[in-house]
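Participant: Before I ask anything, let me first share the structure, which is written out below as structure tokens.
The values are calculated or read from the model by the stated rules, or taken from the named source; none is laboratory data. Keep in mind the model is a prediction, meaning the values are calculated, not measured. Every residue, glycine among them, receives a Cβ derived from its backbone with ideal geometry; neighbour counts consider all protein chains shown.
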Amino acid sequence: MSDEGANKRKASDLFVECLESEGVEYVFGVPGEENLDLLESLSDSSIKLVLTRHEQGAGFMAATYGRHTGKAGVCLATLGPGATNLVTAGAYAQLGGMPMLMITGQKPIKSSKQGRFQILDVVDMMGPITKSTHQLHSGDNIPSRLREAFRLAEEEKPGATHIELPEDIATEETDANPIPASLARRPSAEEKAVRHAVEAIANAEAPVLVVAAGANRRMSSNMLREFVDKTGIPFVTTQMGKGVLDERHPLFLGCAALSSGDFCHRAIEDADLIINVGHDVIEKPPFFMRDAFDDPKACATVIHVSTKTAEVDPVYFPQIEVIGDIANAVWQIKEALEPQPHWDFTRMLEYRQAEHDHSKPLENDTRFPIFPPHLVRQVRKCMPEDGIICLDNGIYKLWFARNYTAYLPNTVLLDNALASMGAGLPSAMMSAMLYPERKVMAICGDGGFMMNSQELETAVRLRLDLTVLILRDDAYGMIRWKQANMGFDDYGLTFGNPDFVDYARSYGAEGHRVTSSEHLTDVLAECRDTPGVHVIDCPVDYSENDRILNHEIKELSAQL
């Protein structure tokens, strides 16, 4: 008897085998009829399907899985409207450096009797927001296309990839087999580049370290900590670099949450050399380079340490580039560099002390509705050292980025890349799934929360333990603030809200309403210590944002 055809199986079965070969644990999504073969294949696999209430929530969860683990998270949608609903999450992962694979269905491509119903060119649509996008034309091509999609999603800079699996391809018979991942390591930085960097740092008078988005990877944290401890060079983080190093460190100068003029920006201006680790163009650097011909004294030397060469623009044109695996590059520099007696960080540390002195009385302001600096302080006191906060997007993000002390990597998940609203709750849900032993809190404005609030049902169904802190100002507060700053009348940015306590209970979650500053402390502790999904309605007072963030901080730091 011939063995020909003995290994034949449905292409959708092979597709799932390839996902298992890549170590996929979850597929998040909203399936449609074009995904039914794949759905059946998933039902007989080791992979857990997490059914969400909207494709965007599925995409945000998959991206957050990638952010935490370094492995591509996987999400699923049907054709047409299902695929378009993944676009925001795809862009979120792509800009934010989060490995993710999007899988979408499609009508039969070899013969179809439905005309153009629901049919868009999804592959073309995904092109600008992914590292790769491909429509499968044969079941035999599934192993190579999936292996390539995962490879591209996970290599530096991580991001989104997309595969379209048409209905008729999913039902094909194939005897192809999964392709295992190859052993690959990123190249090490070139020795001469490291030597130039070490010489420049040693000869500087006041070097400073900037930890940016690309440094927020496994191993980089350990090497950067060793670098700071050995050299004694102070450090600043960008928003996406927050948590890479423990911010309780005495050499931490602050997070560059504001565009300019904050105490940490003044500290950077005092440096004559900047070691910029993991700079990503999605984040504006917390300093502007100046042309040495215009003002030689104002031109600090910038060392660019990253996996890729710098993208030069009018304000960023580093003089030295150390290109290769970031952790290895930092280790090489650290091993060759000794602390120098002529380094002087006095002014930098004075700026940091001034920031502490300015923040302390704000944190103790117990007015009601809750004052943002006091809110940040109470959340920090409530959360354990390894607790995870997941920020949606709104003006409160500036306060948390600037004032919340991060102790460990990936314990402050915020998005300073696409900066999409609606990601806070799904991101927290994914964090709670991955780390059920840790405390997780989503922090959302009322506008951002309502964009994916339906995922409360998903969180309750999955029996997750998490707190959702809704900061209510009954408006799109960030834009309303900018509207006022630009001299426009208050128009078009206020709205009404449901009763969030009743709303939470309608999904089977617990609802809580904050009635005073003291009550906030008690509610946060109760939600932290009680299993289940908890939703907190917390009124906030943003009336001082302009005075403090736009004027007071910048004026005080300029006086030093």
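Participant: Looking at segment 513-537 only, could you name the residues that are within 20 Å of P384 (Cβ to Cβ) and either touching a residue at least 24 places away in the same chain (Cβ under 8 Å) or outside the structural domain of G496 (by TED's automatic domain parsing) (or both)?
Facilitator: L520, T521, L524, A525, C527, R528, P531, G532, V533, H534, I536
Participant: Scan (1) crowded, with 18+ Cβ neighbours inside 10 Å; (2) under 18 Å from the mean Cα position of the chain (by Cα); (3) not hydrophobic (A, V, I, L, M, F, W, C) for the single condition R218 breaks and write down its number.
Facilitator: Unmet for R218, out of (1) crowded, with 18+ Cβ neighbours inside 10 Å; (2) under 18 Å from the mean Cα position of the chain (by Cα); (3) not hydrophobic (A, V, I, L, M, F, W, C): (1).
Participant: Of all residues in segment 519-531, how many are surrounded by fewer than 16 Cβ atoms within 10 Å (Cβ to Cβ), more than 22 Å from R367 (Cα to Cα) and not hydroxyl-bearing (S, T, Y)?
Facilitator: Qualifying residue count, segment 519-531: 2.
Participant: Can you name the condition, by its number, that D415 falls short on among (1) within 25 Å of S543 (Cα to Cα); (2) without any contact (Cβ under 8 Å) to a residue 60 or more places away in the chain?
Facilitator: Here D415 meets the rest and fails (2).
Participant: Also, quick follow-up: What is the residue count in segment 155-184 for residues that are acidic (D, E), crowded, with 19+ Cβ neighbours inside 10 Å and over 25 Å from T84 (Cβ atoms)?
Facilitator: Qualifying residue count, segment 155-184: 1.
Participant: Pick out the one residue from S12, S45 that is over 19 Å from A417 (Cβ atoms), in contact with an Asp or Glu (Cβ under 7 Å, 6 or more places away or on another chain) and without any contact (Cβ under 8 Å) to a residue 40 or more places away in the chain.
Facilitator: S45
Participant: Please name all residue pairs, on different chains or six or more residues apart, with Cβ atoms under 7 Å, provided the first residue is in segment 127-149 and is among the basic types (K, R) and the second residue is part of a helix (DSSP H, G or I) and crowded, with 21+ Cβ neighbours inside 10 Å.
Facilitator: K131/A153
Participant: Another question, if that's okay. So how many residues does segment 323-346 have that are surrounded by 15 or more Cβ atoms within 10 Å (Cβ to Cβ) and closer than 18 Å to I233 by Cα?
Facilitator: So the count comes out to 13.
Participant: Right, another one. Taking the conditions exactly as written (within 21 Å of N35 (Cα to Cα) and among the basic types (K, R)), does R151 satisfy them or not? Talk me through it step by step, then tell me what you get.
Facilitator: Values: within 21 Å of N35 (Cα to Cα): no; among the basic types (K, R): yes.
Taking the combined requirement at face value, the residue does not satisfy it.
Rundown of residues vs (1) modelled with pLDDT under 90; (2) surrounded by 12 or more Cβ atoms within 10 Å (Cβ to Cβ), yes/no style:
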site: L273; (1), (2): no, yes
site: N276; (1), (2): no, yes
site: H279; (1), (2): no, yes
site: F287; (1), (2): yes, yes
site: R290; (1), (2): yes, yes
site: D294; (1), (2): yes, no
site: V302; (1), (2): no, yes
site: T307; (1), (2): no, yes
site: P314; (1), (2): yes, no
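Participant: With the requirement that a residue be among the aliphatic types (A, V, I, L, M) and either free of Cβ contacts under 8 Å to residues at least 24 places away in the same chain or surrounded by fewer than 24 Cβ atoms within 10 Å (Cβ to Cβ) (or both), what does segment 391-402 give you?
Facilitator: I395, L398
Participant: Does segment 450-467 contain any residue that is under 21 Å from Y503 (Cα atoms), touching a Ser or Thr at 6+ places or on another chain (Cβ under 7 Å) and either modelled with pLDDT of 95 or more or of a type outside the set (S, T, Y) (or both)?
Facilitator: Start the filter on segment 450-467 by keeping residues that are under 21 Å from Y503 (Cα atoms), which leaves 450-467.
Subset that is touching a Ser or Thr at 6+ places or on another chain (Cβ under 7 Å): 455, 458.
After this cut, where a residue has to be either modelled with pLDDT of 95 or more or of a type outside the set (S, T, Y) (or both) as well, the list is 455, 458.
Looking for residues that are under 21 Å from Y503 (Cα atoms), touching a Ser or Thr at 6+ places or on another chain (Cβ under 7 Å) and either modelled with pLDDT of 95 or more or of a type outside the set (S, T, Y) (or both), one finds at least one in segment 450-467, hence yes.
Participant: Inspect segment 387-404 for any residue being in contact with a His (Cβ under 7 Å, 6 or more places away or on another chain), of a type outside the set (G, A, S), modelled with pLDDT of 95 or more and assigned by TED's automatic domain parsing to the domain that holds G496 and give the result as yes or no.
Facilitator: Checked segment 387-404: no residue is in contact with a His (Cβ under 7 Å, 6 or more places away or on another chain), of a type outside the set (G, A, S), modelled with pLDDT of 95 or more and assigned by TED's automatic domain parsing to the domain that holds G496.
Participant: Sticking with this structure for a sec: For segment 33-53, how many residues meet the condition of being at pLDDT 95 or above and surrounded by fewer than 21 Cβ atoms within 10 Å (Cβ to Cβ)?
Facilitator: 11
Participant: Let me ask you something else. Take segment 467-518 and flag every residue that is polar (S, T, N, Q) and either within 27 Å of R380 (Cβ to Cβ) or surrounded by 14 or more Cβ atoms within 10 Å (Cβ to Cβ) (or both).
Facilitator: Result: T467, Q483, N497, T515, S516, S517.
Participant: Suppose we keep only residues that are more than 19 Å from the chain's Cα centre (by Cα) and surrounded by 22 or more Cβ atoms within 10 Å (Cβ to Cβ) within segment 435-454. Which one would you say is nearest to R472 (Cα to Cα)?
Facilitator: Among residues in segment 435-454 that are more than 19 Å from the chain's Cα centre (by Cα) and surrounded by 22 or more Cβ atoms within 10 Å (Cβ to Cβ), the one nearest to R472 (Cα to Cα) is D446.
Participant: Just to be sure, is V122 farther than 14 Å from A72 by Cα, of a type in the set (V, I, T) and over 23 Å from the mean Cα position of the chain (by Cα)? Lay out the reasoning, then the answer.
Facilitator: On the way: farther than 14 Å from A72 by Cα: yes; of a type in the set (V, I, T): yes; over 23 Å from the mean Cα position of the chain (by Cα): yes.
The answer is yes for V122.
Participant: When you scan segment 403-434, how many residues do you find that are in contact with a Cys (Cβ under 7 Å, 6 or more places away or on another chain) and either hydrophobic (A, V, I, L, M, F, W, C) or surrounded by fewer than 24 Cβ atoms within 10 Å (Cβ to Cβ) (or both)?
Facilitator: Going through segment 403-434, the residues in contact with a Cys (Cβ under 7 Å, 6 or more places away or on another chain) turn out to be 413, 424-425, 427-428, 431.
Next cut, either hydrophobic (A, V, I, L, M, F, W, C) or surrounded by fewer than 24 Cβ atoms within 10 Å (Cβ to Cβ) (or both) only: 413, 425, 428.
Number of matching residues: 3.
Participant: I would also like to ask the following. Of all the residues that make up segment 402-444, how many are within 24 Å of E526 (Cα to Cα) and outside any loop (DSSP other than H, G, I, E, B)?
Facilitator: The number of residues fulfilling the criteria is 19.
Participant: Still on this structure, please answer the following. If we scan segment 297-316, do we find a residue that is in contact (Cβ under 8 Å) with a residue 12 or more places away in the chain, among the charged types (D, E, K, R) and in a strand (DSSP E or B)?
Facilitator: Looking through segment 297-316, at least one residue is in contact (Cβ under 8 Å) with a residue 12 or more places away in the chain, among the charged types (D, E, K, R) and in a strand (DSSP E or B).
Participant: Something else about it: Could you look through segment 470-510, keep only residues that are touching a residue at least 40 places away in the same chain (Cβ under 8 Å) and polar (S, T, N, Q), and pick out the one that is farthest from M421 (Cα to Cα)?
Facilitator: Within segment 470-510, the match that is farthest from M421 (Cα to Cα) is N485.
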